[in-house]
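A short reminder: the numbers here are calculations on the coordinates, not readings from a lab. The shown structure was predicted, so the numbers you read here are calculated from the model rather than taken from an experiment. For neighbour counting, all protein chains shown are included, and Cβ atoms are generated from backbone atoms with ideal geometry for every residue, glycine included.
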Amino acid sequence: MNKYLERVYNGLIKENPTFVLMLGMCPTLAVTTSAMNALGMGLSTTVVLIFSNLLISLFRKAIPNGVRMPAYIVIVASLVTIVEFIMKAYTPALAKQLGVYIPLIVVNCIILGRAESYASKNPPVLSILDGVGMGLGFTFGLTCIGIVREILGAGQLFGFQILSLKWYTPINIFVMAPGAFLVLAFLVALMSIVRQKMEAKGKPLAEPAGCISGDCAGCSMSATCSEKEKKAADAEEKSE
């Protein structure tokens, strides 16, 4: 698989933000009461993710390490504001349903995580495809949860009644918070089975990298940290 398709495949399967990395759980559990809400949140996050990755990749050499996180947040916040205005103009009903969760995309750990771990170290085209893969993976995860919750909790799909209320009694718990956890747990288990089968076929999946796993090679601050460690070691030698 070439490196371009791998970025999309990575976000959809290998490191799916919802079912594998377990990122963005707040909107995942809150807005997936219906498939339409889930799809809207997923696509809006995807748009922000793609353009934030692009801009951060383009300016990666111009942003000093000391202010990289504030710079990322300014870029993401600007994009989220644009997306919010567009949604209010063209899809007001959906924007009203999603409410405060649209502005909260600014602090979504998926977006800031990809900015720090990938876009800040790679060229624009690969960063865009990484955003596409991660965004589609997030959208896929949210939509799957939304579909299950809406069917079981209301007998509907994308707002259309597909199960007759004459013989089907909606299970109200699935449109409540406990239902979100139950559906998420089931789908995470299903994804885990898929991943295990892939590994059994000789397709090992990516291991986590970066500061969170103790792997400094995956961190944009690795050079700075190395310099600090070297200075500390020199100071210790002099004191001895």
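When each of the peptides 27-35, 45-53 is scored by how many other beta carbons lie within 10 Å of its residues on average, the order from highest to lowest is 45-53, 27-35. Annotation: extensible slack from N65 through Q156 equals 27.9 nm (criterion: 0.36 nm per residue apart, minus Cα-Cα distance). By the gyration tensor of its Cα atoms, with a ≥ b ≥ c the square roots of the eigenvalues, what is the shape of region 1-101: rounded for a/c under 1.5, prolate for a/b over b/c, or oblate? It is oblate, given that a/c is not under 1.5 and a/b is not larger than b/c. Centre-to-centre separation between the Cα atoms of region 145-202 and those of region 56-107: 29 Å. From the Cα gyration tensor of region 3-204, with a ≥ b ≥ c the square roots of its eigenvalues, which class applies: rounded if a/c is under 1.5, or else prolate if a/b is larger than b/c, or else oblate? Judged from the Cα gyration tensor, region 3-204 comes out oblate (a/c at least 1.5, b/c at or above a/b).
Of K61/K88; K3/K61; K96/K166; K121/K197; K14/K201; K121/K201, which ones are farther than 24 Å apart at the Cα? Listed pairs above 24 Å: K61/K88; K96/K166; K121/K197; K121/K201.
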